[in-house]
Amino acid sequence: MNNFALGKYLPLNSPIHRMDPRAKIMAMLIVLIAIFFPAGFLGYAIIAVCTIAVVLIAKLSLNFIWRSMKPMLFMLLFLLIVNVLVLRTGTPLISVLGFTIYSDAVFQTLYITIRLMLMIIITTVLTATTKPLDLTLGIEDLLQPFQRFHLPSHEIAMMISIALRFIPTLIEETQRIMRAQASRGVDLKEGKLKEKIMAVLSLIVPLFVSAFQRAEELANAMEARGYCPGRPRTRYKVLKMEGRDYLLLAGAAALLGAMLVLWLA
C-alpha cells in the first residue's frame, strides 16, 4: 500500500474540491509568499490556524497530512544538526559533549521547520483537492499571458501535472524495489561504506529503468491518441471563477497583508 500523500488526489465532496483550480493555485502562491515574511511565531501561528481550517473544510484527515510530512523528517533532522553545529550566536542554552547549543540555532531551526511544514501542508491540500487535469488547465490559464513572450504555457503545465501525478507512483515503485532487494539479502541500513554504496546502486538503477520505461509508455500512449504539442486545442471543460473563488483569494491576500503588518510592526 502506498503511504505517500503528496501529489495524491482524494475524490471527496468539499467546498475546496469544488473551487476553481486557478483560485487555489494563486491562493497557494500568495500564502507561500506570506510564509517567508519574518512575522515571528505569532504570524506563523495565524497561518497555521488558517491552514488547519482549510484542511478541515476540505475534509482531509490529519493522518493524511501527517503522511505527507513524514518524508521530510530526515531533512528537518539534518537542518537541526547543521544549525546546532554552525550557528554560534545568541545565548548559550546547553552544552552536550563539548558542543554548546545557542538560542539562535534553536530559533532558526524552529523557523525553518515551521516554514517547511506549512509549505508541505498547503501543497498537499492543493494536490489532494484538485484533479490532475484541472491542475493542468489552471496552470495553463495562469501562464497564458506569457505566451506573447513565446513561453510554451501548455507544455509547462503538462509537465508539472505529470510530475505531480507520478510522485506517488515512483515512491511506491521505490518501496517495491526495496522490498524485492531486501528479500535477496541486500541490506540498505547496515554494512561498510562500500556495501552501502552497492546497496543504493541496486535501488537506484532499477528505479531509473522503471521511470524511463513508464515515461516511454506514457509518450507512446499520448502519441497514439494524437497528442501534438504546440497545436491549437479545444477544451471540453471551461474554467469559470465564482464567488467562493474570489473569497478564497481575498482571504489569502488578507493573510499576506497581516504578515506584512506584523513584519513592519
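Quick notes on this one:
- The listed peptides 77-88, 28-39, ordered by packing as a protection proxy, come out as 28-39, 77-88 (highest mean of other Cβ atoms within 10 Å first).
- Rg and Dmax of the stretch 57-183, based on Cα coordinates, read 20.5, 60 Å.
- Net +/- balance of residues flanking P132 in space, Cβ distance below 14 Å, scoring K and R +1, D and E -1: +3
- Sum of side-chain charges, A58 neighbourhood, beta-carbon under 12 Å (Lys, Arg +1; Asp, Glu -1): +3
- Ellipsoid equivalent to the stretch 29-99 - semi-axes via the Cα gyration tensor, in Å: 31, 18, 11
- The ellipsoid equivalent to the alpha-carbon distribution of the chain has semi-axes of 34, 31, 16 angstrom, derived from the gyration tensor eigenvalues as √(5λ) and listed largest first.
- Divide the volume of the convex hull around the Cα atoms of the stretch 22-68 by the residue count and you get 88 Å³ per residue.
- The share of accessible area on the stretch 198-265 that comes from carbon and sulfur is 66 percent, using a 1.4 angstrom probe.
- Legend: residue pairs K8/K131; K8/K70; K24/K131; K8/K237; K70/K131; K59/K240, Cα-Cα distance threshold 19 Å; pairs beyond threshold, K8/K237; K70/K131; K59/K240.
- Residue-normalised accessible area of the chain, expressed per residue, 1.4 Å probe, Å²: 63 Å²
- Each other residue within a Cβ distance under 12 Å of K8 adds +1 if Lys or Arg and -1 if Asp or Glu, for a net charge of +2.
- Each Cα pair under 8 Å and six or more residues apart adds its sequence gap; the mean of these over the residue count of the chain is a relative contact order of 35 percent.
- Where N is the number of residues in the stretch 56-96, Cα Rg divided by 2.2 N^0.38 Å: 1.81
The values are calculated or read from the model by the stated rules, or taken from the named source; none is laboratory data. Worth saying up front: this structure is predicted, and the values here are computed from it rather than measured. Counting neighbours? That spans all protein chains shown, and the Cβs are built from the backbone with ideal geometry, glycine included. The accessibility values were calculated without ligands, DNA or RNA, using every heavy atom of the protein model including side chains. Shrake-Rupley method; radii C 1.70, N 1.55, O 1.52, S 1.80 Å.
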